[in-house]
1. Which FRET efficiency, nearest 0.05, do B:ASN273 and B:ASP163 yield, Cβ-Cβ r, R0 45 Å?
2. Could you calculate, for region B:2-274, the ratio of the Cα radius of gyration to the Kirkwood radius, expressed as Rg to Rh?
3. Using a 10 angstrom cutoff on alpha carbons, build the Gaussian network for chain A and name the most mobile of A:ARG167, A:ARG58, A:ARG92.
4. Name the cysteines of chain B that stand alone by the Cβ rule: no other cysteine Cβ under 4.7 angstrom.
5. Taking the full set of protein chains and a 1.4 angstrom probe, give the accessible area of B:MET1 in square angstrom, rounded to the nearest 10.
6. Please give the FRET efficiency for A:GLU44 paired with A:GLU150, using the beta carbon to beta carbon distance and R0 = 30 Å, rounded to the nearest 0.05.
7. How far is helix B:100-109 tilted, in degrees, relative to the longest principal axis of the Cα atoms in chain B, given as a value from 0 to 90 rounded to the nearest 10?
8. Report, for chain A, the % of DSSP beta bridges that are antiparallel, rounded to 5.
Amino acid sequence: MTVLSVEGLSKTFDMHVLGDTQVVGLDDVSFDVREGEFLAVVGESGSGKSSLLKCLYRTYDPTGGRIVYHGADELADGDAGDGIDLAACDDREVIALRDATIGYTSQFLDEIPRVPAVDVVARPLREQGVPAEDARGEARELLSRLDLPEALWEAYPATFSGGERQRVNLAQALSPRPTLLLLDEPTSALDPETRQAAIDLLREYVGEDTTVVGVFHNTAVIEAVADRVVVLDDGKLQRVVPVADFEGEVVG
Amino acid sequence: MTLLDAEGLRTVYGDGCDRCLDATGDRAGTNQCPHCGSVVACAEADLTVRAGEVLGIVGESGSGKSSLAEQLALERDPDAETDGVVRYAGHEGNLLDVDYETRHDLRTGDIALVHQHIRDGLNPEFTGGGNVAEKLLSAGWRSFEDVRARVRELFEATEIPVDRMDDPTSTYSGGMQRRVQIARALANDPELVVLDEPTTGLDVSVQARVLDMFRRVQREKGVAAVVVSHDLGVVRLLADRTLVMRHGRVVESGLTDRVMEDPHHEYTQTLINSVI
Ligand SMILES: Nc1ncnc2c1ncn2[C@@H]1O[C@H](COP(=O)(O)OP(=O)(O)OP(=O)(O)O)[C@@H](O)[C@H]1O
Ligand SMILES: Nc1ncnc2c1ncn2[C@@H]1O[C@H](COP(=O)(O)OP(=O)(O)O)[C@@H](O)[C@H]1O
Ligand SMILES: [Mg+2]
Ligand SMILES: [Mg+2]
Ligand SMILES: [Zn+2]
């Protein structure tokens, strides 16, 4: 079953401050994602990978096309099976979808400095109504699986290294077990050992109920986790291939 | 559920003329009418707030944020000419037109305002506890024991040392005074809190703690909030959706992350770029 259908998605930025220039982020991108699939997005720097994820999460307002999402049909007001067009639904619907089913990690973690790592990770669970101690327990489990030293669990991520923050980021995105998970370079700052821990965790968490669209640079990671690979080039979809056909190609 | 629904809110300082609206705003580049000299502090502002939601209002100094926020909090400024409609869940009609008593009840119970100035709304000679208790008393609380217990609870929730409860508010630090304002605002379990520049006058490290505390309490209680700030970081941390104001008008609105990362309006782009 198709859980996400991206149809002719475009994003153009109108830069009023730079003499009204236009920057093309995405140009007429179309692909489908099947339920439970792990889709890797690759491409050179500036090819539109982050723009794609941000359009799906609606941090960017798409300027053209549709993003039909079937992961929350119970929240849709049309006929069952029509899905929700993430490119067109209103802000309140987006908030409801984010709360209930869509997770996202950016390359950067912006949390209030005084919140301990374990609470950052537990927060989405708390917001779903999970009791504080259960949520913190789940958070500790995730942080330990990602090899974050126990001494850091109660410390503030503001002081963490890039790789430590990235693990907090990833754990936070995984904790509520979203239906659709959007990951922007979740392993880029990790050393090989920690990266392996992250891969193991992703493979385990991402089962039938979770669909992932993730930007990755590392071929080994892609081979270990992805089912298919979307290749972007200069804002356009170059091709979508099964991971077996992607093997051996050089990324970005 | 929509809690508050505001339409066409306007605050004008001065006598006004029939050209004020055309001659002010974003395109005119000013909030002062060149024909009559009146200041159109805010106009044509429409917004809604849902139960439990946080709405941010950003804009440079003088853009009309406080004027708009005061209308939402049903605060009347005798110097201003105001217009517009504020509808509120569970109440009939336009709240801007209600009689004195109804307005007083709404402001004691349903809608609370935390003022921009750190000491506004606080009596520095009262104890910190007394300032919070006053709000309870005006809502009809009478038992001394109950009031003490509730004040203690509010001190704990807003992270003010309970052992300072009986000290004069004037002996509190800026951060503690801000917390007393917030404790007071939360005293009667309002459905909506309007916070005007919650970090003004606080050190950066104190700011972070006050915001963190407010965010926690806001979520735990499920209270809706309107957060006004010239500081994008404050709104980014707290608000689900954000309005951008300039020259007395709302020029852009949307999901907070969208407004910050994909600003559409020229002014918002300038504002964001000047921070990054
Ligand atoms: N908020 C924005 N405002 C203006 N232009 C943007 C914005 N975000 C992205 N772009 C532009 O869109 C294009 C695609 O950028 P994007 O961030 O999606 O690339 P990317 O593939 O994620 O690159 P990287 O590998 O470096 O992270 C670039 O030309 C970029 O400058
Ligand atoms: N009491 C007042 N008398 C006259 N002008 C006022 C008064 N209060 C505010 N203004 C004017 O209204 C405009 C908007 O002010 P305000 O709402 O306080 O802006 P902000 O909170 O965004 O800084 C400004 O031009 C300000 O000088
Ligand atoms: Mg990127
Ligand atoms: Mg102000
Ligand atoms: Zn005029």
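The values are calculated or read from the model by the stated rules, or taken from the named source; none is laboratory data. Model, not experiment: these values are computed from the prediction. Counting neighbours? That spans all protein chains shown, and the Cβs are built from the backbone with ideal geometry, glycine included. The accessibility values were calculated without ligands, DNA or RNA, using every heavy atom of the protein model including side chains. Shrake-Rupley method; radii C 1.70, N 1.55, O 1.52, S 1.80 Å.
1. After rounding, the FRET efficiency stands at 0.45.
2. On the way: Rg = 18.8 Å, Rh = 19.2 Å.
Reported Rg/Rh (Cα atoms, Kirkwood Rh): 0.98.
3. Answer for the Gaussian network model of chain A: A:ARG92.
4. For chain B, the answer is B:CYS42, because their Cβ atoms have no other cysteine Cβ under 4.7 Å.
5. We get 130 Å² for B:MET1.
6. 0.20
7. 60
8. Working: 23 of 41 bridges.
That works out to approximately 55 percent antiparallel.
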